[in-house]
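The values are calculated or read from the model by the stated rules, or taken from the named source; none is laboratory data. Keep in mind that this is a model prediction, so the values were computed, not measured. All Cβ positions, glycine included, derive from the backbone under ideal geometry; neighbour counts span all protein chains shown. The accessibility values were calculated without ligands, DNA or RNA, using every heavy atom of the protein model including side chains. Shrake-Rupley method; radii C 1.70, N 1.55, O 1.52, S 1.80 Å.
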Amino acid sequence: MPDHLSSQLEELVLMDGRLSGSQLIRFVAGPDSPRLKTLELNDIQHLQNRDIFMVLFLVAPTLTEFHLVNCFIPYQNLPEGEELALDEAMPHLKALRFCMVGIDSAPLVTPLGISRKTSSLKGLGTEPPSTIIIFSAREEYMALHKVGDALNITGWDKVYISWHEQTLDKELLEKAMATSVKRGIKFSPSLCHY
């Protein structure tokens, strides 16, 4: 069996299973430049934070769409200096136009992942607006005041966050909304109760 299954894949959707980081890397790495445009991981278990970062880093030049939903990625006791994968990879993901992250058991992205998105291509041709959707966020990892700060510098055009909280601070929410309006960003905060 070859070391790399194919670096010519443009879309990879994996659902409901166990996969190690080295197995996932075999799908996306190879002797040729990566071509992967869409990566969707849904309910994939056994991956580590570093695995997600390495895969994102390898396909960063071409990845336009990323979904990470219902994947428990251990985040406690990360080695010193290691950030959450999406936070660390975001500056490299210059082609990324759509990102959906479902945070069920662990934080997978923090406001750093929002703030580190480089400027979008607004107004340049027919590019759709860049969109990040984060659901089931918890205030302890996706603090509203930090989201407000991130909106001040982000390159995302649309930011949708659904917090798994009972309430959000009204004053901080108004401040974040005002920042988004001033910068021309569509910011849609909501609460999910389940």
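Observations
- Portion, in percent, of the accessible area of region 57-194 that falls on carbon or sulfur, probe 1.4 Å: 55
- Probe 1.4 Å, accessible area per residue of the chain, Å²: 51
- Normalised size of the chain, defined as Cα radius of gyration per 2.2 N^0.38 Å with N residues, equals 1.03.
- Estimated [θ] at 222 nm from DSSP helical runs (n ≥ 4, -39500 (n - 2.57)) normalised by residues in the chain, nearest 500: -7000 deg cm²/dmol
- Relative to the dominant Cα principal axis of the chain, helix 170-183 is inclined by about 70°.
- For L47, residues with placed amide H under 5 Å, excluding near neighbours: L19
- Dipole moment magnitude, nearest 20 debye, region 55-120 about Cα centre, only Lys, Arg, Asp, Glu C-beta charged: 340
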